[in-house]
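Trainee: Questions regarding the structure given below will be posed in turn.
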Amino acid sequence: MIMNLFSSFDPSSNWNISSNWISSTLCLMVIPTMYWLVPSRPNLIWIKITSSLHKEFKTLLGPSSAGSTLIFVSLFSFILINNFMGLYPYIFTSTSHMALTLSLALPLWLSFMLFGWINNTMHMFAHLVPQGTPPILMPFMVCIETISNVIRPGTLAIRLSANMIAGHLLMTLLGNTGPSLSILMINILIIVQLLLILLESAVSIIQSYVFAVLSTLYSSEVN
């Protein structure tokens, strides 16, 4: 019996350590299959997806992005695999916690800011005032741009975790109503749950893509 609505997201276990976080490392099981002599069909599809992402991120970062797209493709892969892992029964959804999402977003944003302010200081100052801003509005625009820049890691982390929590919470709420329903309503509930799983699969792909693309855009602004 779930005493708290959010207890399904609690990373606790019967062990002395919080072993549910080990699910975040299950993506390492996918790596050895990429080195097979004859790649399988899923590997060929995955290689095609990562190649398309590499071309898109290279376009966003510009011509001086040799090798820089690797971190963003890896970030997309890590978040996508963890999002899909959370759709399986009895596997902990690590991306629904701010502890993981903020650990991904904050170091990235901080490294971009340090690189930009150390190497391109004048460009970073100029970025605080959009082109064509009236002189009387410049102080306000500096404050607005500074605030919007500072909250970027928080918005990245909250967007990912909130989207993952919302769908899982809805599925938990509907699943808890099953014992009190009739046979007809249970059949309808199963269909609705299957549709929600399809929706959550789409959300898992979209949110990992959004996280990686926004990180790429933030990186391109400091060059």
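The values are calculated or read from the model by the stated rules, or taken from the named source; none is laboratory data. No experiment lies behind these values; they were computed from the predicted model shown. So basically every Cβ, Gly included, is an ideal-geometry build from the backbone, and we count neighbours across all protein chains shown.
Trainee: Using the structure shown, decide if Trp117 is part of a helix (DSSP H, G or I) and within 15 Å of Leu217 (Cα to Cα). Show your work before the answer.
Mentor: On the way: part of a helix (DSSP H, G or I): yes; within 15 Å of Leu217 (Cα to Cα): no.
Spelling it out, it is not the case that Trp117 is part of a helix (DSSP H, G or I) and within 15 Å of Leu217 (Cα to Cα).
Trainee: Now for a separate question. I want to confirm something. Restricting to segment 200-213 and keeping residues that are touching a helix residue (DSSP H, G or I) at 6+ places or on another chain (Cβ under 6 Å) and either of a type outside the set (Gly, Ala, Ser) or at pLDDT below 90 (or both), which single residue is surrounded by the fewest Cβ atoms within 10 Å (Cβ to Cβ)?
Mentor: Only one residue fits best here, namely Val203.
Trainee: Within segment 36-49, restricting attention to residues that are assigned to a loop (DSSP other than H, G, I, E, B) and surrounded by 10 or more Cβ atoms within 10 Å (Cβ to Cβ), which residue is modelled with the lowest pLDDT?
Mentor: Per the stated criteria, the residue is Pro39.
Trainee: Checking the condition at pLDDT below 70, over 17 Å from Ile165 (Cβ atoms) and of a type in the set (Ser, Thr, Tyr), which residue from Thr25, Thr33 passes?
Mentor: Values: Thr25 fails: at pLDDT below 70.
Of Thr25, Thr33, the one residue that is at pLDDT below 70, over 17 Å from Ile165 (Cβ atoms) and of a type in the set (Ser, Thr, Tyr) is Thr33.
Conditions (1) within 23 Å of the chain's Cα centre (by Cα); (2) modelled with pLDDT of 90 or more, marked per residue:
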{"position": "Thr69", "(1), (2)": "yes, no"}
{"position": "Phe76", "(1), (2)": "yes, yes"}
{"position": "Asn82", "(1), (2)": "yes, no"}
{"position": "Tyr90", "(1), (2)": "yes, no"}
{"position": "Ala105", "(1), (2)": "yes, yes"}
{"position": "Leu108", "(1), (2)": "yes, yes"}
{"position": "His123", "(1), (2)": "no, no"}
{"position": "Ala126", "(1), (2)": "no, no"}
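Trainee: Considering Ser161, Ser215, Ser219, which residue is touching a residue at least 40 places away in the same chain (Cβ under 8 Å), farther than 30 Å from Thr121 by Cα, outside any loop (DSSP other than H, G, I, E, B) and under 18 Å from the mean Cα position of the chain (by Cα)?
Mentor: Values: Ser215 fails: farther than 30 Å from Thr121 by Cα; Ser219 fails: farther than 30 Å from Thr121 by Cα.
Answer to the selection: Ser161.
Trainee: Still on this model: Kindly indicate which of Val210, Val192 is part of a helix (DSSP H, G or I), over 24 Å from Leu102 (Cβ atoms) and either more than 22 Å from the chain's Cα centre (by Cα) or β-branched (Val, Ile, Thr) (or both).
Mentor: Val192
Trainee: Right, next: The conditions are (1) touching a Ser or Thr at 6+ places or on another chain (Cβ under 6 Å); (2) surrounded by 15 or more Cβ atoms within 10 Å (Cβ to Cβ), and Ile91 fails exactly one of them. Which is it?
Mentor: Here Ile91 meets the rest and fails (2).
Trainee: Please work out if Leu184 is free of Cβ contacts under 8 Å to residues at least 24 places away in the same chain and of a type in the set (A, V, I, L, M, F, W, C).
Mentor: Numbers: free of Cβ contacts under 8 Å to residues at least 24 places away in the same chain: yes; of a type in the set (A, V, I, L, M, F, W, C): yes.
Against the criterion (free of Cβ contacts under 8 Å to residues at least 24 places away in the same chain and of a type in the set (A, V, I, L, M, F, W, C)), Leu184 qualifies.
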